[in-house]
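In what follows, a single structure is set out as structure tokens and then discussed.
The values are calculated or read from the model by the stated rules, or taken from the named source; none is laboratory data. Here the structure is a predicted model, which is why all the values come from computation and not from measurement. Virtual Cβ from ideal backbone geometry, glycine too; neighbours counted across all protein chains shown.
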Amino acid sequence: MKIAVAGTGYVGLVTGVCLAEMGNEVTCLDTQEAKITMLKSGKSPIYEPGLESLLANNLVKGRLHFTTNPQSAYTNAEIIFIAVGTPEQNDGAANLEHIYAVANSIAQSIKNDVIVCTKSTVPVGTSEQIKQIIDRNKPSYLKVEVVSTPEFLREGSAILDFFHGDRIVIGADNERAANIAEQIFLPLKIPIMKTDTRSAEMIKYASNAFLATKISFINEIASICDKVGANIDEVAYGIGTDHRIGPYFLQAGIGYGGSCFPKDTKALIQLAGNVEHQFDLLKAVINVNNHQQSLLVKKAKESVGSLKGKKVALLGLAFKPDTDDVREAASLTLVKDLLVEGATVIGYDPVAIQNAKRIIGNSIEYTTDILSALFDADLALIATEWDQIKHISLDMFCLYMKKPFLVDGRNCYSLNEIQKYPITYFSIGRPPIIKETQKSH
């Protein structure tokens, strides 16, 4: 099938590459010349495990193409996926400027009947707006249907999720359009749910909001565990074995980040407000998360006193492991808080330093060597649960730091293992391990 993908950001590029891997002829469109040049050379502008090899393989096989020309992308396409960004506006609502621009471009470029599938996360009713824009501007003899096919890809495991996802949602108000869209995904042998466009759009927002709610809930329980002497690992396991609850997204930490949960929760609150519904629960979820991101600095201050002049190793800059995405990452809040406290910060991350530098600038040092980060540090804060951090020998904290003082925002290490070392250790929702008096005034 001949497919066009509008947008080569995270969703668009993964979608385009994976569709090509399935045997389709795919043309990906983007307005950024430098990005398209890079992609044509077989290099990915984003870090995602397995993506670059699939990209290069499908370029060689002639199934994958990149262009900045809408006519080249859309003219002969049978299916067009819209995967452009919908960034957050000041009021929390999704900015649909790029969506509308793509809709206009499709209308002016197509030469055949086409199915347009919306991959971007958009407010309920957007698919109808896209169809109206295209119908107003396309040649009258052409027929265009718009389908909502929300994405459920997790950064760091997007290739796996594309080929082995839990479900595919197809929202259409036309049965023929739904059936054509279904044909693309049938080879994946993933359960397919068909519904109307508005319900499909709502499914995406509701899914992310529910997962964010689980994260904030377990973090609130962790805060209570801190105060009553319980262990959040045991509590999470105990409730997660209940099949009605399940074990997923019950890992206490310093909150969620990235390009989806923060943006989508705010957009859903705005959407609810537009129909005069006060979404108090989701507002609380966001408030809990905002507080959680500053928790490590608070724990450090309570334990060692003033951070002024202290060298802090910040371990992890990406919002989660296996990605270079730092959007809404806890590390950004931690850097800001640490600098306000007068600390000197060195940030470690295996892949996200360049993206972090664009936001943080030169106010901190950076390194891809974890031992360089730990060298002569007064304390270490863990913000991202990279394997390189989780699997480091705990001896390294003892050998390289001035004193091994660790505040773990992702509960990377078992308390039993930490007990074997002379490390003072604070984590989230678990009893602290204090090996000697560290507090100074």
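Here Glu276 meets the list (1) touching a residue at least 12 places away in the same chain (Cβ under 8 Å); (2) over 19 Å from the mean Cα position of the chain (by Cα) almost entirely, failing just condition (1).
Those strands (runs of 3 or more DSSP E) of segment 24-122 in which at least 1 residues are under 30 Å from Thr265 (Cβ atoms), considering only elements entirely within it, cover 25-29, 79-82, 114-118. Scanning segment 190-232 for residues that are assigned to a helix (DSSP H, G or I) and acidic (Asp, Glu) yields Glu201, Glu220, Asp226.
Among the residues of segment 390-425, the one identified as surrounded by 12 or more Cβ atoms within 10 Å (Cβ to Cβ), over 16 Å from Leu374 (Cα atoms) and among the basic types (Lys, Arg) is Arg410.
Residues are listed down the side, and each one gets a yes or a no for (1) assigned by TED's automatic domain parsing to the domain that holds Tyr47; (2) buried (at least 21 other Cβ atoms within 10 Å of the Cβ); (3) of a type in the set (D, E, K, R):
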site: Arg154; (1), (2), (3): yes, no, yes
site: Ile159; (1), (2), (3): yes, no, no
site: Phe163; (1), (2), (3): yes, no, no
site: Ile170; (1), (2), (3): yes, yes, no
site: Ile180; (1), (2), (3): yes, no, no
site: Gln183; (1), (2), (3): yes, no, no
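Tell me, which residue of segment 188-208 that is among the hydroxyl-bearing types (Ser, Thr, Tyr) and touching a residue at least 40 places away in the same chain (Cβ under 8 Å) is surrounded by the fewest Cβ atoms within 10 Å (Cβ to Cβ)? The residue in question is Ser207. Scanning segment 168-189 for residues that are part of a loop (DSSP other than H, G, I, E, B), closer than 21 Å to Thr126 by Cβ and not aliphatic (A, V, I, L, M) gives Asp173, Asn174. Screening Asp226 with (1) of a type in the set (Asp, Glu); (2) surrounded by 17 or more Cβ atoms within 10 Å (Cβ to Cβ); (3) at pLDDT below 95 gives one miss only, at (3).
Among the residues of segment 137-150, is any surrounded by fewer than 22 Cβ atoms within 10 Å (Cβ to Cβ) and polar (S, T, N, Q)? Yes.
Of the residues in segment 67-76, not one is of a type in the set (Phe, Trp, Tyr) and either within 14 Å of Gly12 (Cα to Cα) or outside the structural domain of Val146 (by TED's automatic domain parsing) (or both). Scanning segment 124-135 for residues that are under 14 Å from Tyr205 (Cα atoms) and surrounded by 19 or more Cβ atoms within 10 Å (Cβ to Cβ) returns Val124, Thr126.
As a summary of the residue check, Asn290 satisfies the conditions (1) within 20 Å of the chain's Cα centre (by Cα); (2) within 30 Å of Thr126 (Cα to Cα); (3) buried (at least 19 other Cβ atoms within 10 Å of the Cβ); (4) of a type outside the set (Val, Ile, Thr) except for the one numbered (3). Exactly one residue out of Lys266, Lys227, Lys283 is in contact (Cβ under 8 Å) with a residue 40 or more places away in the chain and of a type in the set (D, E, K, R), and it is Lys266. Within the set Phe81, Phe66, the sole residue that is free of Cβ contacts under 8 Å to residues at least 60 places away in the same chain and surrounded by 20 or more Cβ atoms within 10 Å (Cβ to Cβ) turns out to be Phe66.
Yes/no per residue for (1) more than 23 Å from Gln89 (Cβ to Cβ); (2) within 26 Å of the chain's Cα centre (by Cα); (3) assigned to a loop (DSSP other than H, G, I, E, B):
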| position | (1), (2), (3) |
| --- | --- |
| Glu128 | no, no, no |
| Tyr141 | yes, no, yes |
| Glu145 | yes, no, no |
| Arg154 | yes, yes, yes |
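Tell me, yes or no, whether segment 362-379 has at least one residue that is buried (at least 24 other Cβ atoms within 10 Å of the Cβ), under 22 Å from the mean Cα position of the chain (by Cα) and in contact (Cβ under 8 Å) with a residue 24 or more places away in the chain. Taking every residue of segment 362-379 in turn, none turns out to be buried (at least 24 other Cβ atoms within 10 Å of the Cβ), under 22 Å from the mean Cα position of the chain (by Cα) and in contact (Cβ under 8 Å) with a residue 24 or more places away in the chain. For segment 258-352, the helices (runs of 4 or more DSSP H) that sit wholly inside it and include 1 or more residues that are in contact with a strand residue (DSSP E or B) (Cβ under 6 Å, 6 or more places away or on another chain) are 261-274, 295-304, 330-340.
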